[in-house]
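Worksheet for the structure shown next.
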Amino acid sequence: MLTIYDLKNNVMLKQPDFFKLVEGYDSFKGVSFVGSFKIIEKELLPRFKQIDLILGMEDQKTGKNLDQLLNVSNKVKQLLSLSRDSDFLDRIENQTLNLRFTKDKLFHSKYFIIENNTDFIIFNGSMNLTKKALKQNHEMLWMYEGKKNDLQDLKIYEEHQKLFKKNFEEDSVDYLDRKIINNLYGKTKKQITAIIADEVVDKVQQNIVEVNPDDIVKITKDADRKEETYELHPETVQKVAKQLFTEKGNKRRNEEKVREEVKKIVYQDFSDPSQNRVIKASTLYPKPVWAYQDNNIIVEDTNTNLFHSLEVNSDIVSEDDVRTFVRIIESFKLNKVKDESHQALSAFIYLMTAPMIWKIREIYRKSNFSKSADQIPLSMVLIGRGTTGKTLLVRDYFKKFTGDKSHSLQYTEINDGNGARTDKAVRFLDNYLHSQRFISPMIVDELNSNFLHSKVALNAIKQWSNTIKGIHNVNIFAMNHNAGSKEINNLEEITKRVYYLSFEAPWLPSNQQEINYNMLINDNNDHIYRYVVSELNKHLVHLTGEEEANLIEDYLSLTKEILGNLLKKYGYYNRLKNILGANYDYKIDRNRITWKMLILDDHYEHIAFTDGDDKYFHVSKAIFNDFKANGYENINQTLDNYFNMFPREGGIAIEQYGNGMRLDIDKFDKFIGEPLIRKHYERIHKDEKQQDNVAALLKAQVEQNKMMQEAVEKLTEQKEQENKKKGFISRLFNR
């Protein structure tokens with residue numbers, strides 16, 4: 001917010017209305033970056049009889065060295081943005097409006113001298129003449145209000161007038177030569193472009209603007225060093241510079257050829273995209289274009305090209321809409337050889353959050369919780385192998401779901417081919433992300449798998465995540481990743497900024513698929529998307545403490561809550577509740593497969609159990625012995641890496657020790673997705689049980705034989721005793 005310190009009265013003015021402070025004054029002098037000519041037209045021209053303004057340098061990109069001179073396209077756009085009944089050009093012609101820009105060194109000063117015949121105000125500080133600076137940004141100025149007949153006041157007035165006179169007359173040149181004004185009235189865009197292009201060439205050829213050869217070298221060599229400087233200069237500026245100057249910074253001699261080439265460059269920048277191989281970014285914005293202003297989502301009416309607030313009533317979503325949505329998610333389970341419905345649902349939830357990602361990032365920055373905004377990914381990548389559903393999602397489901405009626409945008413279109421260089425694609429995405437206006441997701445199909453390994457792209461991804469503030473969109477990509485491709489970039493610095501979702505399972509034969517996806521495509525619409533995004537915006541504008549805490553814990557939590565309530569309303573919540581809670585995690589999914597293959601390839605040789613313990617199992621460090629041949633030199637580090645693959649909250653990894661690790665059997669199997677270790681445990685103990693049973697049987701047989709032998713022996717002994725007794729009696733009685 002604007003804060004001004006009044007030096008004369010020693011008081012701090014908080015959130016003052018800048019233009020109310022200057023009421024009653026008729027002359028405006030100053031140095032400032034101007035966001036557009038609209039602010040001059042709407043705010044300055046009606047208030048001041050005389051305006052002398054030097055267009056300074058913006059803090060971000062637009063005003064970099066020589067851009068003001070060479071960006072012919074921008075000059076034309078500024079002029080065409082003026083209202084038809086504007087007196088802007090008339091004021092330039094009669095010199096009651098003088099616009100100047102740097103002649104040599106850039107202006108970064110921001111100061112204003114506002115005056116009338118008797119009084120003046122001087123402002124100095126950080127504020128530019130932009131809508132954001134006046135109304136939104138944290139800006140600080142000091143002001144000195146004085147009278148011209150006061151000797152003490154006169155001193156500061158004269159010093160600032162002297163400085164401005166030097167800046168205006170010696171250090172700057174006309175932004176637009178008033179001699180050409182008459183030629184601009186009633187002209188077409190192409191004619192205006194030709195006039196402005198000629199004026200720029202004249203400024204260079206006639207040395208009206210002093211050009212530093214070193215600056216030209218920097219610009220003209222940008223194309224060869226995009227990873228360092230591609231963001232500093234618009235592409236048109238680079239092309240114009242190359243036509244006007246050699247790479248050493250010398251002016252080219254063939255002036256007529258230079259004029260024609262500069263015009264061609266600007267004509268192409270404004271031309272019909274269907275006539276060119278490279279399509280302009282403005283024609284590729286998702287339709288309808290969603291933007292954001294004053295806490296409201298605004299949508300472009302494609303018939304009038306005017307914007308209006310997004311209005312959503314409570315009945316916009318029908319039961320049929322919810323049923324179709326649920327069936328789309330379920331089709332990724334019932335129509336595939338492996339259940340990938342979790343990935344599909346997470347992709348839709350991110351898509352519904354996409355327009356408000358920027359606002360959630362702002363909440364992270366202002367929150368007292370210890371999470372930073374760069375932990376919210378600005379890109380989502382659907383990774384597939386062949387026909388596994390990634391293109392189906394972005395082309396047939398996402399576009400209709402968001403109301404985007406434009407054609408399916410391919411990576412080759414934004415990069416002028418599918419080559420290894422990613423400069424153009426990055427610049428295209430960068431321009432859209434820095435629009436400070438649009439919130440529609442940029443959906444791009446068939447992303448080159450090299451993109452996520454490119455130094456240019458990776459630097460851009462990190463820069464976007466770390467530096468972009470305010471209103472911005474997100475990128476959604478679909479990428480084919482075959483077995484022979486490079487490994488997915490799984491570094492932490494990328495995975496926290498790019499949300500990966502993997503689609504690898506093939507579809508079942510059509511006659512075995514339970515859900516007709518063609519019907520889903522036909523029934524799909526943007527009702528749920530509009531409703532959820534609208535509700536999400538309402539919550540984020542007036543966030544409760546509990547909602548903020550949940551949001552910091554999981555940036556998708558509020559979206560899931562809104563969607564969950566919608567599913568409950570129509571009785572479909574139970575169909576998706578098992579996958580609605582936790583977000584799909586690509587890294588965990590990869591780790592799951594990695595561990596499964598480790599165990600299976602090892603054939604359980606290094607898996608062990610403790611006698612009498614059916615809860616835990618042990619993995620020996622020796623399982624990693626063969627990894628050295630694959631580039632793993634440090635077996636202890638490998639042990640650490642594999643132990644840390646398990647999510648801590650899962651309770652899988654119990655302890656790590658010198659020769660291995662101890663893991664929970666059932667929790668490990670839940671992580672893997674099948675009873676891998678439990679079955680192995682039962683198989684081993686089944687064999688052991690069988691062996692024990694045989695041993696017991698043999699032992700029982702031995703005991704039985706022993707008992708029988710003892711019984712026979714006893715019986716024999718008894719017989720002998722009886723015979724002995726019988727013989728004695730017989731002898732006694734003489735029988």
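The values are calculated or read from the model by the stated rules, or taken from the named source; none is laboratory data. Since the model is a prediction, treat every value here as computed from it, not as a measurement. Because the Cβ atoms are built from the backbone with ideal geometry, glycine has one as well, and the counts that use them run over all protein chains shown. Surface areas here come from the heavy atoms of the whole protein model, side chains and all, with no ligands, DNA or RNA. Shrake-Rupley method; radii C 1.70, N 1.55, O 1.52, S 1.80 Å.
Assorted remarks:
- Residues that are at pLDDT 75 or above, in contact with a Ser or Thr (Cβ under 9 Å, 6 or more places away or on another chain) and within 27 Å of Asn116 (Cβ to Cβ) number at least 1 in the following helices (runs of 4 or more DSSP H) confined to the stretch 22-102: 88-93.
- Identity of the residue in the stretch 592-650, part of a helix (DSSP H, G or I) and of a type in the set (Ser, Thr, Tyr), that ends up modelled with the highest pLDDT: Tyr642
- Glu561 satisfies every condition listed in (1) buried (at least 20 other Cβ atoms within 10 Å of the Cβ); (2) modelled with pLDDT of 95 or more except (1).
- Scanning the stretch 411-426 for residues that are crowded, with 19+ Cβ neighbours inside 10 Å and more than 17 Å from Leu452 (Cβ to Cβ) yields a single hit, Glu413.
- For the stretch 641-664, a residue qualifies if it is of a type in the set (Phe, Trp, Tyr) and either closer than 18 Å to Lys615 by Cβ or open to solvent by 30 Å² or more (accessible area, probe 1.4 Å) (or both), and the qualifying residues are Phe643, Phe646, Tyr657.
- Odd one out for Tyr292, checked against (1) part of a helix (DSSP H, G or I); (2) at pLDDT 75 or above: (1)
- Filter result (surrounded by fewer than 15 Cβ atoms within 10 Å (Cβ to Cβ) and of a type in the set (A, V, I, L, M, F, W, C)) within the stretch 8-35: Val11, Met12, Phe19
- Answer residue from the stretch 427-468, given it is under 29 Å from Glu362 (Cα atoms) and acidic (Asp, Glu) and is surrounded by the most Cβ atoms within 10 Å (Cβ to Cβ) among those: Asp445
- Some residue of the stretch 129-137 being over 45 Å from the mean Cα position of the chain (by Cα) and either of a type in the set (A, V, I, L, M) or surrounded by 20 or more Cβ atoms within 10 Å (Cβ to Cβ) (or both): no
- Options Asp374, Asp404: the member that is of a type outside the set (Lys, Arg) and part of a loop (DSSP other than H, G, I, E, B): Asp404
- Breaking point among (1) in contact with a strand residue (DSSP E or B) (Cβ under 7 Å, 6 or more places away or on another chain); (2) open to solvent by less than 10 Å² (accessible area, probe 1.4 Å), for Ser408: (2)
- Set side by side, the residues Lys699, Lys679, Lys689, Lys667 differ, and just one is over 39 Å from the mean Cα position of the chain (by Cα), modelled with pLDDT of 90 or more and either open to solvent by less than 70 Å² (accessible area, probe 1.4 Å) or not aliphatic (A, V, I, L, M) (or both), which is Lys679.
- Hey, Ala549 open to solvent by less than 60 Å² (accessible area, probe 1.4 Å) and over 26 Å from Ile298 (Cα atoms) or not: yes
- Given (1) of a type outside the set (Ser, Thr, Tyr); (2) within 43 Å of the chain's Cα centre (by Cα); (3) surrounded by 14 or more Cβ atoms within 10 Å (Cβ to Cβ), number of the condition Gly146 does not satisfy: (2)
- Tally of residues being in a helix (DSSP H, G or I), closer than 19 Å to Ser341 by Cβ and open to solvent by less than 50 Å² (accessible area, probe 1.4 Å) across the stretch 566-591: 9
- Filter pass, Asn482 being open to solvent by less than 80 Å² (accessible area, probe 1.4 Å), outside any helix (DSSP H, G or I) and at pLDDT below 90: yes
For every residue, the table says whether it meets (1) in contact (Cβ under 8 Å) with a residue 40 or more places away in the chain; (2) part of a strand (DSSP E or B); (3) open to solvent by 10 Å² or more (accessible area, probe 1.4 Å).
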| site | (1), (2), (3) |
| --- | --- |
| Tyr350 | yes, no, no |
| Ala354 | yes, no, no |
| Ile357 | yes, no, no |
| Ile360 | yes, no, no |
| Asn368 | no, no, yes |
| Met380 | yes, yes, no |
| Thr388 | yes, no, no |
| Lys399 | yes, no, yes |
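- For the stretch 147-184, filtered to residues that are touching a helix residue (DSSP H, G or I) at 6+ places or on another chain (Cβ under 8 Å) and in a strand (DSSP E or B), the residue that is modelled with the highest pLDDT is Lys147.
- The condition of being at pLDDT 75 or above, buried (at least 16 other Cβ atoms within 10 Å of the Cβ), closer than 30 Å to Leu7 by Cβ and not polar (S, T, N, Q) holds for Ile114.
- The residue of the stretch 162-211 that is most open to solvent (accessible area, probe 1.4 Å), among those that are of a type in the set (Gly, Ala, Ser) and within 41 Å of the chain's Cα centre (by Cα), is Ala194.
- Enumeration of residues in the stretch 510-529 that are open to solvent by 50 Å² or more (accessible area, probe 1.4 Å) and either more than 26 Å from the chain's Cα centre (by Cα) or closer than 30 Å to Lys366 by Cα (or both): Ser510, Asn511, Gln512, Glu514, Asn516, Tyr517, Asn518, Met519, Asn522, Asp523
- You will find that of Ser341, Ser346, Ser372, Ser314, the residue that is under 25 Å from the mean Cα position of the chain (by Cα), of a type outside the set (A, V, I, L, M) and modelled with pLDDT under 90 is Ser372 and no other.
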